[in-house]
Structure formats: C-alpha cells, structure tokens
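Let me begin by presenting the structure, written as structure tokens, before commenting on it.
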Amino acid sequence: MNWQSEEMVKKVGAMLVVFAVFSFAVPLFFTETVRAADDDQYIWGMIFDSDGLLLSYDTNFRVWVQHNATWKGFPSNTTWDPVGTMGGFYSYTLPWDQRETNWTDGDLYRIQVDCTPSGDLAQNATSNGTGSAGDPVSPRGSYNNEMNWVSGGGFNNSQQWDVVCSSVDLIPTDIRINGVPYFPPMAVASFSTATISSNIANVGRPLISEPNTIVLGNASGVIGQDTASTIDAGSSVGPFNFSWTAPSAGHFFFNITVDYYDNVTETNEINNRVTIELDVLPGPITSLLPRDPYHYKGPDLYIKSTTPLGLVISHVADWAHVLYYVDSLGPWNYSETGQFTIAGEGVHYINFSSFDSLGNLEDMNVRQVIVDDSPPIATLSVTEPKYVSGGIAWIKSLDPATPIYIEWIRDDEPELAVGRERTSYRVFQLVFDWGPWTDYSQGDLVGLGTTDGLRFIEWYSVDFLGNAEITNNRTVYVDDTAPQAQVHIGEPRLDRDGIPYVELETEFELSADDRGGCGVEVIEYRLDDETDWRTYTGPFRFDSVGGHTIYYRSTDNLNNTGEPQSLGIVVYGSNYKPWIAVIFMIIVMMIGAVVGYKRPLLMARKKIREVEETLLEKEKEMEMEEVVGDGIAESPPETEESERVKEVV
C-alpha cells in the first residue's frame with residue numbers, strides 16, 4: 001500500500017472513531033425530562049408484521065393515539081385514512097387542536113394500529129409506552145419502542161414507535177360431550193354427569209404467553225373454569241374438562257368462552273364464545289301403537305287377531321332397541337320383527353322395554369290387549385199378540401200392534417267382547433219390495449207397514465272392530481183383517497120378499513172364512529134380545545114360532561173380531577095334514593092290493609099327490625099371512641083341495 005492509501009485509511013479511521021464517539025455521546029446530552037413543544041407534529045415509527053418483516057411504505061393501515069385516557073386522531077374522526085410515509089418510516093400527524101404540551105417523561109400512552117386495509121393482517125395491534133427514550137417496551141416483546149425528541153422544535157419534535165401488526169386470535173375448538181364431538185342436536189341421560197370439554201386454539205401468527213381463562217357457563221353463572229398460559233401460533237392446548245350434572249329432563253344452553261377476562265388483545269374479540277345446546281332425555285319411552293282395527297273401551301284395548309301392533313320409541317338421542325314379550329313367549333327384537341299380531345281370542349299381555357345409546361334403560365312396560373274375532377249376536381223378538389202355526393208367526397200391525405224388537409243379552413258376545421257398534425235391519429213387503437237398511441236402537445219397534453200379507457225381516461249386528469254378524473232372517477205374516485161369518489139355513493125354508501120362512505124343525509148353521517189369514521178361532525151368535533154371545537158349536541133351531549133375529553160374528557187367532565151381522569127370519573108351526581094324506585094313501589094302496597082294483601088305486605094315488613102338494617102350498621101361504629098379520633095361527637083353514645082329498649079317500 002502506498003503512502004496515499006495509508007493516509008486515506010488513517011483519515012477514514014479517524015472519521016469512524018469520531019462518529020462512534022459522537023454516537024455514544026449524543027444521548028448523554030438528552031437525558032433531561034422530555035417535553036413536547038407546541039409544534040410537535042409527528043408520531044412516527046416502524047410497522048412490522050408478526051414475522052418480523054417491515055411493512056412496505058405503501059401498506060395501508062390506520063392509527064390513533066391515547067394519552068391521559070383520551071384518544072387522539074382516529075377513530076374520533078369520521079374517516080380513516082392511510083398514514084403517509086416519510087423517510088422510509090410511517091408517520092402520523094396529530095391534528096393541531098389535539099396536540100399537547102404537557103407530555104412528560106414517564107407518561108403512559110398507547111398507539112393502536114388498525115391493519116385491516118393491508119389484507120389478512122390482524123386488527124387493532126396495540127402498544128404501550130412509558131414516555132422514556134429508549135425504554136424497550138414492545139407490543140409483543142420483540143421490537144424497539146422509544147420516544148425521540150430533538151431540541152429546536154419543528155420537524156424534529158417527534159415521537160417514534162415501532163408497532164407489530166400481528167394476527168392474535170383465540171377461539172374454543174374441538175368441543176366434546178362425553179368424549180363425542182359436539183354436533184347438534186345432542187343429548188345426555190337424566191341425572192347423569194356430563195363432561196363438556198374444549199380446547200383453546202391460537203389461530204393467529206405470534207406466540208401467546210399471556211394467561212387466559214377458559215370458562216364454561218350458562219344462564220345461572222359459571223359452571224367451571226381453567227387457565228392456559230402459553231399457546232404456540234397455529235396450535236391449541238387442552239382439553240379443558242368441565243362436569244355438569246343433568247336434571248331429569250329439559251333443553252339447556254351453555255357458553256364456552258376463552259380469554260374470559262380479556263387478558264389478551266385479539267384481532268377478533270367476538271369469536272371467543274361458542275354456544276352449545278343439550279337435551280336431557282329421561283331415556284327412551286316406548287309406546288304400543290295398534291293399527292286398524294282397534295278400539296278402546298275405557299282403559300281396555302280391543303284388537304282382532306289380524307290387527308298389526310307396533311312399538312314406537314320417543315326421546316331417543318341417537319338409537320334405541322326394543323325387546324318385547326307376548327304372554328310368556330319372547331323376547332324378540334322389534335327392529336328385526338317389525339309389526340306383529342296376536343292370535344287367540346281373550347286377554348293377552350305384552351311386555352316391552354327399550355335401551356338407548358345414552359345408556360338409558362327403560363322400565364318394563366306391561367300392556368293388556370283383548371283379542372275379539374267374534375261378532376255380536378242379536379235375536380228378533382216377536383211378542384203378543386201373535387199366532388204361530390207351522391213355524392210361521394202371524395202378527396198384527398194395527399192397534400193393538402204386535403211389538404217386534406231386536407234384542408241381545410249383552411252388547412256383544414262373548415263377555416270380554418269389544419261391544420256392539422250398531423244393529424241394522426230391513427223389511428221386505430211383497431207390494432213394496434225391500435226397504436232400506438235402518439239402524440236399530442234398543443227399545444225401538446221394528447216397523448212392518450200396515451198392509452196384510454207376507455213380510456221378510458233381515459237384521460245383523462257389527463261390533464267396534466268390524467266383526468259383522470251373518471245376516472239373519474225371519475218370515476212373518478201381517479193379519480189385521482177379521483174373518484167373515486155366514487149363516488146357513490136348513491130345510492124346510494121358504495123365502496118371500498127376501499125373508500126366510502122356516503119351521504121349528506129348520507136348523508141353522510154358522511161358518512166363517514178368514515180369507516188367507518191366521519184362521520178362525522171362534523164363531524159367536526145371539527138370538528133376538530140376548531145380550532151375551534154364545535159360542536157356536538153346531539147347528540141350532542128356534543123353539544118358538546114367530547119373527548126372530550140371529551146376530552153373529554167371528555174372531556180369528558189374532559183376536560181380529562168382525563163387526564156383528566144380523567139376519568131376520570120367520571118361524572111358523574108344524575103342518576100334520578100332509579102326513580094324514582100320506583097315511584090315507586098308504587091305506588088305499590093296501591086295499592087296492594087286496595081287492596086287485598089296481599087302476600082306480602093308481603089314479604087315486606096320483607090324485608092324492610096333486611091334492612097334497614096344492615094343499616101344502618095353500619096352507620103355507622095362509623100361515624105366513626096369519627103370522628105376519630095377526631100373529632101365530634094354530635092351524636091353516638080347510639081348503640077345497642083338502643075336501644077333495646077327503647072325498648077321494
């Protein structure tokens with residue numbers, strides 16, 4: 001090296017020494033109390049991200065200052081503007097009306113920087129200072145924060161701050177209920193001790209070393225808490241477990257909160273809390289669900305042997321199994337068998353119980369069912385008046401009408417049956433054909449109409465399970481018409497002007513015709529002024545001559561009685577003269593036979609017959625005239641013909 005080079009080195013070295021000495025000496029001149037001048041303008045410093053990299057000068061962010069518990073600058077302004085750059089450092093100028101002259105050494109102040117405009121950088125990075133130059137107060141313990149003050153005012157009167165724009169955010173994570181990841185809806189068993197756990201995750205960039213508290217609470221207050229002190233960036237600590245004793249049942253809300261006492265300044269303070277919901281279930285409740293047909297009579301359940309029976313579970317958190325028995329048979333798993341039926345009429349018992357994924361075991365349920373496959377039985381009751389002949393019942397429809405009922409001993413058969421729901425009937429009337437089906441109420445009368453003739457009655461009953469009785473039928477005949485009675489007059493008899501003339505020997509007979517009805521029960525008659533009716537048993541005669549009246553009527557087997565009818569007659573005395581003529585004729589015949597005088601005898605016999613007939617006719621006419629006119633004549637007068645008979649004899 002030449003002398004010139006050596007000289008240059010000596011000069012540079014001397015300059016470096018002077019610079020170094022000056023660098024160490026200058027701070028000694030500024031150890032007095034730092035006071036802000038009226039023209040303090042700037043807060044300036046370095047802004048880093050959480051990785052220690054200096055943010056570029058064109059990074060957008062916002063800043064405000066707190067001193068004496070009063071914020072200066074933003075956000076008191078309505079608009080947040082990016083801070084400009086100066087000399088490679090970020091700077092911020094306080095508005096003139098917010099500048100202070102009383103900042104002294106040792107004052108506490110805070111600078112808060114909002115890094116939101118820079119993208120994914122965290123919000124509200126915060127630093128605290130003491131106001132002393134050179135104090136190593138860093139927002140996260142890694143960067144220099146100091147106040148610089150140069151006498152002379154103007155631009156040099158400024159304070160410098162180096163701020164780390166960090167991503168600090170704590171959240172609850174990996175929440176579990178009894179070790180199972182929480183996913184609503186979730187449930188726990190009644191009166192069980194539930195373990196609710198959570199981790200604390202640091203989803204920010206820097207290490208968290210401040211103590212922070214995680215708390216489980218509900219509307220009643222804090223249930224439990226724990227503390228975490230160090231959490232690496234991007235990692236979590238835990239689990240932190242809390243116990244809670246469940247009541248009998250209900251729906252409950254819980255909050256899991258990290259950094260409960262706000263020890264850590266975070267970029268997002270609203271995601272520290274997570275709300276969870278839990279159902280407390282008293283265990284599965286299993287119910288018997290019958291399908292159609294079924295019927296409840298009071299507490300008793302009636303079914304048919306074909307009725308499907310199901311088991312339904314409620315209050316199930318996840319899954320449950322049902323085991324059941326029928327009478328003494330079982331158990332069966334309902335999830336395998338599905339709906340089932342029970343055969344055999346009578347009382348049966350079903351026992352069933354469920355257990356679920358929460359460990360709840362249901363008490364055994366017992367249900368009684370009654371199987372009824374039999375229909376109700378009803379009978380037709382035909383009361384009085386009625387007449388039965390050859391299995392056929394004759395009845396009346398008019399007053400007094402024959403009451404016809406449909407009856408049953410019980411509402412259904414057998415004794416444990418479900419009960420009769422309805423009974424229906426219809427009537428076939430020959431003239432009008434079948435009538436409509438009509439619901440029958442016990443005690444009602446079965447209406448048959450008022451026309452005489454044939455009736456078919458059909459009826460059946462149905463119980464509440466749909467068991468229908470086979471349709472019954474019965475045949476009856478309606479007869480409301482009385483039989484018609486008649487008088488038959490024997491001989492001798494002679495009708496004149498519509499009036500029968502008879503002798504004492506003439507017999508009278510009575511008959512009656514019911515004309516297709518139930519039949520004649522009795523024929524009755526009375527004579528003249530009699531008041532009591534006689535029962536007709538056979539032919540009868542009058543025992544006195546003169547005018548008489550016969551009253552007669554008939555009644556059938558249903559007591560249908562006809563209106564009384566009457567017949568007027570005339571009875572006259574007996575005539576012996578014809579018999580005398582006959583005797584004379586016999587004598588003449590005998591004499592003729594003796595003397596052989598045949599011809600005169602034959603002529604005499606013929607003549608006697610003619611005279612006899614004429615005589616009889618005349619005598620009858622005379623007697624009728626006498627009976628009608630003057631009463632009863634003892635004997636008819638002699639006539640010319642009778643004299644001739646005598647002469648012949």
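The values are calculated or read from the model by the stated rules, or taken from the named source; none is laboratory data. As the structure is a computational prediction, the values presented were derived from the model and not from experiment. With ideal geometry, Cβ positions are generated from the backbone for all residues, glycine too; neighbour counts draw on all protein chains shown.
Taken over segment 526-571, the residue count meeting the criterion of being farther than 30 Å from LEU398 by Cα and in contact with a Cys (Cβ under 9 Å, 6 or more places away or on another chain) is 0.
Residues that are among the β-branched types (Val, Ile, Thr) and touching a Ser or Thr at 6+ places or on another chain (Cβ under 7 Å) within segment 472-514 comprise VAL478, ILE489, listed in sequence order.
The rows are residues; the columns are (1) touching a Gly at 6+ places or on another chain (Cβ under 8 Å); (2) part of a strand (DSSP E or B); (3) assigned by TED's automatic domain parsing to the domain that holds GLY538.
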| position | (1), (2), (3) |
| --- | --- |
| ALA417 | no, no, no |
| GLY443 | no, no, no |
| GLY466 | no, no, no |
| HIS488 | no, yes, yes |
| LEU494 | no, yes, yes |
| GLU505 | no, no, yes |
| SER511 | no, yes, yes |
| GLU521 | no, yes, yes |
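Considering the conditions (1) buried (at least 20 other Cβ atoms within 10 Å of the Cβ); (2) under 21 Å from ALA393 (Cβ atoms), ARG420 is excluded by exactly one of them, (2).
Residues of segment 321-338 include none that is in contact (Cβ under 8 Å) with a residue 40 or more places away in the chain and not assigned by TED's automatic domain parsing to the domain that holds GLY517. Residues in segment 529-564 that are loosely packed, with under 13 Cβ neighbours inside 10 Å and in a loop (DSSP other than H, G, I, E, B): 10 in all.
Out of THR535, THR555, THR549, THR561, I need the residue that is within 16 Å of PRO500 (Cα to Cα) and not assigned by TED's automatic domain parsing to the domain that holds LEU398. Which one?
Numbers: THR535 fails: within 16 Å of PRO500 (Cα to Cα); THR555 fails: within 16 Å of PRO500 (Cα to Cα); THR561 fails: within 16 Å of PRO500 (Cα to Cα).
Exactly one residue qualifies, and that residue is THR549.
Of all residues in segment 399-417, those that are more than 24 Å from ASP439 (Cβ to Cβ) and either polar (S, T, N, Q) or surrounded by 13 or more Cβ atoms within 10 Å (Cβ to Cβ) (or both) total 1.
Against the test of being closer than 30 Å to GLU524 by Cβ and of a type in the set (Gly, Ala, Ser), the options GLY490, GLY466 yield a single qualifying residue, GLY490.
Against the criterion of being within 15 Å of LEU281 (Cα to Cα) and not charged (D, E, K, R), ALA201 does not qualify.
The set of residues in segment 281-297 that are surrounded by fewer than 21 Cβ atoms within 10 Å (Cβ to Cβ) and at pLDDT below 90 comprises PRO282, ILE285. Entry remark, segment 311-322: residues being of a type in the set (A, V, I, L, M) and in contact with a helix residue (DSSP H, G or I) (Cβ under 7 Å, 6 or more places away or on another chain) number 2 in total. Of all residues in segment 212-231, none are acidic (Asp, Glu) and modelled with pLDDT under 90.
Selection of segment 335-360 for residues being more than 16 Å from THR307 (Cβ to Cβ) and surrounded by 14 or more Cβ atoms within 10 Å (Cβ to Cβ) yields ASN351, PHE352, SER353, SER354, PHE355, ASP356, SER357, LEU358, ASN360.
Scanning segment 362-380 for residues that are among the hydrophobic types (A, V, I, L, M, F, W, C) and surrounded by 14 or more Cβ atoms within 10 Å (Cβ to Cβ) yields VAL369, ILE370, VAL371, ILE377, ALA378, LEU380. Selection of segment 176-220 for residues being over 44 Å from the mean Cα position of the chain (by Cα) and part of a strand (DSSP E or B) yields SER197, SER198, ASN199, ILE200, ALA201, ASN202, ILE208, ASN212, THR213, ILE214, VAL215, LEU216.
Among the residues of segment 387-405, are any farther than 27 Å from ALA482 by Cβ and not in a strand (DSSP E or B)? No - not one qualifying residue is present in segment 387-405. If the condition is being at pLDDT below 95 and among the β-branched types (Val, Ile, Thr), then segment 524-536 contributes only THR531. Does ASP259 qualify as being buried (at least 16 other Cβ atoms within 10 Å of the Cβ), of a type in the set (Asp, Glu) and within 23 Å of ILE200 (Cβ to Cβ)? Considered against the rule, which asks whether it is buried (at least 16 other Cβ atoms within 10 Å of the Cβ), of a type in the set (Asp, Glu) and within 23 Å of ILE200 (Cβ to Cβ), ASP259 comes out as yes.
Could you grab me the full set of residues in segment 448-464 that are closer than 15 Å to SER381 by Cβ and surrounded by fewer than 16 Cβ atoms within 10 Å (Cβ to Cβ)? Result: no residue meets the conditions.
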